[in-house]
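The values are calculated or read from the model by the stated rules, or taken from the named source; none is laboratory data. Everything numeric in this text was worked out from a predicted model, so none of it was measured. As a convention, Cβ positions derive from the backbone with ideal geometry for all residues, glycine included, and neighbour counts pool all protein chains shown. Accessible surface areas use protein heavy atoms only, side chains included; no ligands, DNA or RNA. Shrake-Rupley method; radii C 1.70, N 1.55, O 1.52, S 1.80 Å.
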Amino acid sequence: VFAPPVNRLIGELAKLPGIGQRTAQRLAFHLLSVPDEEALPLADAIREVKEKVGQCEVCFNLAVETTCRICQDERREASVICVVEQPGDVIPIERTNEFRGRYHVLGGALSPIDGVDPEDLHIKELLERVSGSEERSRGAGPASTAAQTIREVVIATNATTTGEATALYLADAVRERSPDVAVTRLASGLPVGSDLEYADEVTLGNALRGRHAL
Ligand SMILES: [Zn+2]
């Protein structure tokens, strides 16, 4: 019905999560109707994030440099790691102001039916981070390295079937490799079946404060 470039824009917009065909059309016609200087910054912004934003090589959060701003922040406690499914899950936890540790982003949740197995997530890297910190603290290194020991892994995967399965898998895996490290889970109170990113700050803050051993 529309000219090919318009169809192309509608098609690309419709691929975005939560955007149906009808909304894609409305957005496309909006972009067509506004001046260039209102529409083109969107294209530039998409290009810029794709060119500049990558993964933190320590925690797999989004990062502009080799490590993310949280890993670079010396004031953050290095002894507690909060494990989340996606980079977007870091934001709601940060908003609670209840957590001062570091993060580890898995890149999803275990789901054998969908073909997501442990080796598809950043689980190996998490176990290496945790056990590596123990070895460093046991070694004869300078006293300051002892401060880097990870004491607790807080599992903040979603309160969904796959999120819960991932939490149990991680608890076993961490315990097996690093028995001295506490593994905790956010307290219940988060709506069952819900994603972290939709939790409100108060609920999530309570869940963090009330976390329990797994
Ligand atoms: Zn990081």
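Quick notes on this one:
- The lone exception for ILE19 - which of (1) within 14 Å of the ligand (Cβ to nearest atom); (2) open to solvent by 30 Å² or more (accessible area, probe 1.4 Å); (3) touching a Leu at 6+ places or on another chain (Cβ under 8 Å); (4) not charged (D, E, K, R) it fails: (1)
- Within the range 22-45, the residues that satisfy the criterion of being surrounded by fewer than 11 Cβ atoms within 10 Å (Cβ to Cβ) and of a type outside the set (A, V, I, L, M) are ARG22, SER33, PRO35, ASP36, GLU37, ASP44.
- The conditions of being open to solvent by less than 60 Å² (accessible area, probe 1.4 Å) and within 16 Å of the ligand (Cβ to nearest atom) are not met by VAL64.
- Annotation note: of ILE19, ILE81, the sole residue that is within 26 Å of the chain's Cα centre (by Cα) and either touching a residue at least 24 places away in the same chain (Cβ under 8 Å) or part of a helix (DSSP H, G or I) (or both) is ILE81.
Conditions tested, residue by residue: (1) open to solvent by 20 Å² or more (accessible area, probe 1.4 Å); (2) modelled with pLDDT of 95 or more; (3) within 9 Å of the ligand (Cβ to nearest atom).
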site: LYS52; (1), (2), (3): yes, yes, no
site: CYS56; (1), (2), (3): no, yes, yes
site: ARG76; (1), (2), (3): no, yes, no
site: GLU85; (1), (2), (3): no, yes, no
site: ARG102; (1), (2), (3): yes, yes, yes
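- As a summary of the residue check, ARG185 satisfies the conditions (1) free of Cβ contacts under 8 Å to residues at least 24 places away in the same chain; (2) closer than 23 Å to ASP114 by Cβ; (3) basic (Lys, Arg) except for the one numbered (1).
- Selected residue (only one of ASP36, ASP44, ASP117, ASP89 is over 23 Å from ILE150 (Cβ atoms), in contact with a Leu (Cβ under 8 Å, 6 or more places away or on another chain) and among the charged types (D, E, K, R)): ASP117
- Qualifying residues in the range 87-100 (those that are surrounded by fewer than 19 Cβ atoms within 10 Å (Cβ to Cβ) and among the acidic types (Asp, Glu)) - the one farthest from the chain's Cα centre (by Cα): GLU98
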